[in-house]
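Accompanying notes for the structure given below.
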Amino acid sequence: MAKLTAPRIDPLEAHNHADTLIRVAGSLSLLNEIDDEFRQAGLDEAVASGNTPIIFDWLLTAFSFQGISDKATRSYRYSGLATRLYLASRLGVVIAIGDRAR
């Protein structure tokens, strides 16, 4: 049986490809932008205190941006955002007493 070997790759060429991909594909401040959004939404405090409703509502909003452009998503939301409380009311689910919501 033939032994499989990995092709030899020039480290500088690999670095150049990765560098080009990073510059073309995304913002250089992407992590800072994510951190800012996280804090503005109050998620740092919600996670620390276990405030599930805030986290759930933020996730619903974040998931709505998956697969299409942010601009298209923002323009399509003509009837507002789904929230945990809205979904519970539509499904006839009673939210437990003491379950925090903002």
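The values are calculated or read from the model by the stated rules, or taken from the named source; none is laboratory data. Predicted model, so just to flag it, every value in this text is computed and none were measured. Cβ sites come from the backbone with ideal geometry, for glycine too, and all protein chains shown count toward neighbours.
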Looking for something among the β-branched types (Val, Ile, Thr), touching a Leu at 6+ places or on another chain (Cβ under 9 Å) and at pLDDT 80 or above - is there at least one such residue anywhere in the stretch 33-55? yes
Take the residues in the stretch 63-92 that are among the aliphatic types (A, V, I, L, M) and either surrounded by 12 or more Cβ atoms within 10 Å (Cβ to Cβ) or in contact with a helix residue (DSSP H, G or I) (Cβ under 8 Å, 6 or more places away or on another chain) (or both), then tell me which one is modelled with the lowest pLDDT. Leu81
